[in-house]
1. HN-Hα J couplings of region 404-414 from phi, Karplus 6.51/-1.76/1.60, θ = phi - 60°, integer Hz, Gly and Pro as x?
2. Measuring from centroid to centroid over Cα atoms, what is the spacing of region 67-135 and region 270-304 in Å?
3. Based on the mean of other beta carbon atoms within 10 Å per residue, what is the order of 261-268, 140-147, most packed first?
4. Using modelled backbone amide H atoms (1.01 Å from N, in-plane), which distant-in-sequence or interchain residues come within less than 5 Å of R510's amide H?
5. For D269 and R150, compute 0.36 nm times the residue count separating them, minus their Cα-Cα distance, and round to one decimal in nm.
6. How about region 113-196: which trypsin sites (Lys or Arg not before Pro) there are in a DSSP loop, with at most 16 other Cβ atoms within 10 Å of their Cβ?
7. Using Cα positions and a limit of under 29 Å, work out the lysines in reach of K61, with same-chain residues fewer than 8 apart set aside.
8. Beyond a 28 Å Cα-Cα separation, which of these cross-linked pairs lie in this structure: K308/K518; K250/K437; K283/K310?
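A short reminder: the numbers here are calculations on the coordinates, not readings from a lab. Treat the numbers as computed from the prediction; the structure is a model and nothing was measured. In this analysis, Cβ positions are derived from the backbone assuming ideal geometry, glycine residues included, and neighbour counts consider all displayed protein chains.
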Amino acid sequence: MAPASRENSPGLELADEKILVLDFGSQYAQLIARRVREQNVYCEIVRHDLDAATLAGKKPKGIILSGGPSSVYADGAPQCDPELFKLGIPVLGICYGMQLACKSLGSEVGHCAAGEYGRSVLQIAKPQGLLAGLPAETDVWMSHGDQVDRVSDDFVSLAATGTCPYAAVQHKSLPVFGLQFHPEVTHTPQGATILHNFLYAVCGCDGTWHMSDFARATIERLRTEIGDRRVICGLSGGVDSAVTAALLYKAIGSQLSCILVDNGLLRKDEQAAVLAEFTNHFKADLHIVEAEEQFLDALAGITEPQQKRKTIGGLFIDCFKEEAKKIDGAEFLAQGTLYPDVIESGAAPDGPAATIKLHHNVGGLPEQLGFELVEPLRDLFKDEVRKLGLELGLPEQLVWRHPFPGPGLAVRCLGEVTKEKLAVLREADHIVVSEIKAAGLYRQTSQAFVVLLPIQSVGVMGDARTYENAVAVRSVNTDDFMTADWSHLPYDLLSRISNRIINEVRGVNRVCYDISSKPPATIEWE
Ligand code: XMP
């Protein structure tokens, strides 16, 4: 099975009504699709150069032209079929998409000297159409060098910013709309209302699509594409791999084999928790590989973070391969890759190229084993995966579990990783997570953990001097893990966490709280 391509989001073909997003290379195309799905309308991303007849054949209720990095006048700039504006299907152009729509319909696009990047104030002259129900002034997020300079007589200008005279436009006779700003990002607070107006008032959608439709259609698709063949799925204890396994289990039942590699870098009691959840919810074949010693031996003496990741990733592949060989006739490998993973690893065709950290722990596995890859969550964001997990009947405590990195506690144990250090880290980590849960704040925080620092500091316990480890508590709030803020946890909670760690975890005499946001820091310390 080919990995889900950006030309055809998988598993959603059963939707009654849909919106198509023509992708002109925007980093926000998936975000647009997700914002539409949030409003209960199915959305599919397609190539920008599909001809009008093909687009019409897909029977969309509306078409959105995404932004993109090009200038409409540049050589080789991606174009769309101009006939699509005459189909009678509502079209919303965003940023580059707007410039393309306006240019195709007789307006002029030019380069604005300073460009406009970041927050701008939109002055709404005509609160109608897309902008119905909006206040006279609202913040919007801009990110453009070109803009529409002059509109043809066929367009009405609805709103402007200080430097952009045509920030929102509407065609007088065709159902064509343009926005120079980005309604899909959270920095445009009225963005959801604008998209709602497009979907419901302009396109006439009924809003009948739900995550259950995604589940149903994905299960159908997996069943058809896998047939009677066998699939291996790696389990990590996290929500992504559990939801992937749940989808596959519903699709192919006993043809699914799962492998959990216990690398000795898991949190306290994690293997037992995965096992309990797994046996309660699936009856699939489960293989547990006990590999703590192998991993600790391989990590001995390594202090450099990327080297740790490479070592863990390489050994993970070896352990996984060994176990997979015991599973006869497997042809597919399932992975819980999400859309942000695709972007952060620079793997998306138009994603940012820089790889910040090596995230893909099983990278290379499918090719080495001759597997085909199955990635049913590749188009989804974390919160959509959680919704899907609940839809599939997974328990809340699993669905809401904070994410945990593949290299596990190794990247939270700064410097060399040893069994003793891991034991200290595990206990401290357990206290933090339990206290945050007891305070009812686990769901409101996105990821909370402890980092064991490679330093000792002086303390006093009883009347004696101590010289012991310092740990940092890290708790962040984020929607997408690409940017994050530190959690503003109550002081009394921080105080309880600190007291308990210092009193209960031998070898720690100092607790710090990490108050850095991402960027410039990252969530993990390594
Ligand atoms: P950073 O530290 O890059 O983390 O801000 C963003 C999110 O990714 C997780 N993370 C990883 N996940 N393998 C993974 O599977 C990795 O090597 C890895 N590094 C970071 C991190 O826990 C956070 O949720």
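1. Listing the rounded values in order: 9, x, x, x, x, 5, 4, 8, 10, 10, 5 Hz.
2. 51 Å
3. 261-268, 140-147
4. V471
5. In short, 36.4 nm is gained.
6. In loop regions of region 113-196 (DSSP not H, G, I, E or B), the sparsely surrounded trypsin sites (Lys or Arg not before Pro) are K172.
7. Within the straight-line cut-off, K61 pairs with K18, K86, K103, K126, K172, K382, K387.
8. Cα-Cα > 28 Å for K250/K437; K283/K310; rest within.
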